[in-house]
Amino acid sequence: MPFSKFNTLTLLQLESWVAQARTKSGQLPRYVPLLAESDPDKFALALQLDQTHQLIIGDADVPFVLMSVIKPFLLLFLLHHLGQEKVFSRVGFQPSSLAFNSVQQLIDDQGFPRNSMINSGAIALADLLPGTDADSRCEQLRQWLNQQSSSQLRLDQSMLDSVRSLPNSTNRAIAEQLAQAGYLNSVEIALDTYNQICCLSGTITDLARLGQLLAHPHPHLSATHQHTVNTAMLSCGLYETADDYAKRIGLPIKSGVSGGLLVILPDQGVIACYSPQLDQVGHSVVGLAILEQMMQWLRSGDFQS
Ligand code: GLU
């Protein structure tokens, strides 16, 4: 795909797509009280092609929690520290056909999590992080990501308190299934670690910087691991709708229920977006609408010249 065309994209053009996309609306998630109280009209977008070419629109300084957008980076960290064999003894690489938190999917798969982008896979991987408790595990992941990407992620303690304030019986059922099937050492530590890493928070610039870890060759990361994570995002990052977006957009994408959306443009850069209103599946409505517009523009004129 001619991503280099992005270099010619003007702020004015991007702003007009943003304005159009922001007429769309969705729902806020209800199962985390603080997320349910998010300002639905908050918005930020960063198109970062390299250190010099960056377009940012909206609430650039507003931090938001990553939620499931952390999952590709959990996978990257573990591939880097433990290698493919260990990681893929705990999690699969198959797209899922049910919701991101489906217990049924896990039961259908005899307790082996289908992929690392759904909750079962990420909870299983949270159990593999080094550290004796959730605090130290989350902290190690946070520090490593900040070092490698020059981002400034921090733990959003208020969001974590809010996540903990209501029992998440679905994630608990998933963890218990995993433990029963022998893919989890500690239900409590894995769940607590998973909740904490989902509450790592940053600005749109931090998210764009994280994305660069997967977009370009990196002195400390294996190209194979980067490719593995990008492939997992492409085929599984948007859950049961991943296949549809893979066919239409064809890029590694990850969404999270806080409204974060990360798109990798291999060898070119990233698109990072934050807009909290979600569709039925749990993806940012505005984020995906802007992406569709950008891809249409990118492909227009493909056959001219
Ligand atoms: N912590 C959230 C959950 O387990 C993450 C889900 C998401 O962002 O898609 O439900």
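The values are calculated or read from the model by the stated rules, or taken from the named source; none is laboratory data. Computed from a predicted structure; not experimentally measured. Please note: Cβ atoms are built from the backbone with ideal geometry, for glycine as well, and neighbour counts cover all protein chains shown. Protein only, heavy atoms only, side chains kept; ligands, DNA and RNA dropped before computing areas. Shrake-Rupley method; radii C 1.70, N 1.55, O 1.52, S 1.80 Å.
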In nm, to one decimal, how far is the modelled label at Asn185 from the one at Ser16, with both set 7 Å along Cα→Cβ?
5.7 nm
Select from the chain the helices, each a whole stretch of DSSP H, whose alpha-carbon atoms run 24 Å or more along the helix axis and whose Kyte-Doolittle mean is at least 1.0; answer none if there are none.
none
Given the chain, what count of lysine pairs have C-alpha atoms under 25 Å apart, with each pair 8 or more places apart or on different chains?
11
May I ask for the distance between the Cα centers of the stretch 110-138 and the stretch 51-98, given as a whole number of Å?
13 Å
Under the classification rounded if a/c is under 1.5, otherwise prolate if a/b is larger than b/c and oblate if not, where does the stretch 1-76 fall, given a ≥ b ≥ c as square roots of the Cα gyration tensor eigenvalues?
oblate
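Quick check: at a probe of 1.4 Å, how many percent of the accessible area of the chain sits on carbon and sulfur atoms?
49 percent
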When a/c reaches 1.5 or more, the comparison of a/b and b/c decides; with that in mind, is the stretch 37-82 rounded, prolate or oblate per its Cα gyration tensor?
oblate
Cleavage-rule hits (chymotrypsin sites (Phe, Trp or Tyr not before Pro)) in the stretch 218-305: DSSP loop, at most 10 neighbouring Cβ within 10 angstrom
Phe303
Measuring with a 1.4 Å probe in the full set of protein chains, what accessible area per residue, in whole Å², belongs to the chain?
41 Å²
